[in-house]
Amino acid sequence: MTEATRRPPGTPCWVSLMVHGLDATQEFYAALFGWEFSPGPTQLGPYVRALIGGKEVAGIGRLPADRHLQVAWTAYLASDDADVTAETIRSCGGTVGVGPLDAADAGRLVIASDPAGAVFGVWQAAEHTGTAVYGTHGTPVWNELRTRDSSSVGKFYQAVFGHEAKEDASAPDRLTLRLDGRPVATVRGMGQDLPRDRGPHWMTYFEVEDTDAAAHRVVELGGHVIEAPGPGPRGRAATVSDPEGAVFTIVRSDVP
């Protein structure tokens, strides 16, 4: 288990989920990952933070009853100035949907989408610096942007966050986003294989002790296995969804 500190700008630092059934969703992830919960900022409605060993790992909020939005995990990238980042997003062809706005004393946030339509968040930390612990069951371990074409959208993230984009020689149409030479995320161009019901999207990977056992547990709890457990670039992985349809990947990571 590794405790995290404040992240450099452009680094994935937090993940959150907006759902219709907040109580039922908490029960699902508590049973799957062992999460406990504490209240969080409520600027966007009822919201809780998921904890492991008292350390914050993710957030879950309730969608307004009249909002029929797709339920999906959102990755947040760190920023030193959310307002400046929002303007840069707009000038580079992205869209700002929410914010910039303050989340009480925790920090300042933006919800945006890149030119291909993938939704992501921007987080300017104050009291809350993001996910506080890594490397154990139930913690976010990686983020991957799944889109149609990696090169064009990769240039957007380079321009907004200063990422270096390195082609992956072992996989077609895949980029690794780096900061100061350190990999922080991947961009995977899927072309016609991109699921039409989700479109371009950020995929959150959660660490598990046993991928096969966790996939079985997802089904027991009312979720679904979308891609069965198998070898992947970050270890044995499976793509699954929770009972409300939020898609994520579980992985027994063999990447340090």
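The values are calculated or read from the model by the stated rules, or taken from the named source; none is laboratory data. All values derive from a computational prediction rather than experimental measurement. Note that each Cβ is placed from the backbone with ideal geometry, even for glycine, and that neighbours are counted across all protein chains shown. All accessible areas refer to the heavy atoms of the entire protein, side chains included, with ligands and DNA or RNA removed. Shrake-Rupley method; radii C 1.70, N 1.55, O 1.52, S 1.80 Å.
Over the chain, with a Gaussian network built from C-alpha contacts below 10 Å, which listed residue (ALA165, ALA116, ALA104) shows the highest mean-square fluctuation?
Checking each option, the largest mean-square fluctuation is seen for ALA104.
Please work out, to two decimal places, the log10 of the ratio I(q)/I(0) at q = 0.09, 0.10, 0.12, 0.15 Å⁻¹ from a Debye calculation in which every Cα of the chain carries one identical scatterer.
Values, matching the q order: -0.36, -0.44, -0.66, -1.10.
Which residue, chosen from ALA86, PRO243, HIS20, occupies the Cα position most advanced towards the positive end of the dipole of the chain, where the dipole is computed from +1 (Lys, Arg) and -1 (Asp, Glu) charges on Cβ about the Cα centre?
In the chain, that residue is ALA86.
Express the relative contact order of region 139-253 as a whole percentage, based on alpha carbon pairs under 8 Å and six or more residues apart in sequence.
Relative contact order here is 25 percent.
Please list GLU220, GLU127, GLU244 in order of solvent-accessible area, largest first, computed with a 1.4 Å probe with all protein chains present.
The most accessible residue leads, giving GLU127, GLU220, GLU244.
Considering region 89-155, what Rg and Dmax in Å follow from its alpha-carbon atoms?
Both quantities, over Cα of region 89-155: 14.3, 39 Å.
With charges set only on the Cβ (+1 for Lys and Arg, -1 for Asp and Glu), what does the dipole of region 11-125 come to about its Cα centre, in debye to the nearest 20?
Here region 11-125 has a charge dipole of around 200 debye.
Please calculate how many Å² of accessible area the chain carries per residue, with a 1.4 Å probe and no DNA, RNA or ligand atoms counted.
With all protein chains present, the chain gives 45 Å² per residue.
Which of the listed residues, ALA116, GLY135, GLY97, is farthest toward the dipole's positive end in the chain, when Lys, Arg count +1 and Asp, Glu count -1 at the beta-carbon?
ALA116
Report, largest value first, the span of the C-alpha coordinates of region 139-253 along each principal axis, in whole Å.
Per principal axis, max minus min of the Cα coordinates gives 43, 29, 24 Å.
Considering only protein heavy atoms, with the full assembly of protein chains and a 1.4 angstrom probe, order MET203, MET190, MET18 by accessible area, largest first.
MET18, MET190, MET203
Give me the log10 of I(q) over I(0) for region 11-125 at q = 0.11, 0.14, 0.17, 0.23 Å⁻¹, as the Debye formula computes it from C-alpha points; what are the numbers?
With no solvent term, the Cα-only Debye profile gives -0.36, -0.58, -0.85, -1.38.
Give the ranking of SER151, SER38 by solvent-accessible surface, highest area first, calculated with a 1.4 Å probe.
Descending accessible area places them as SER151, SER38.
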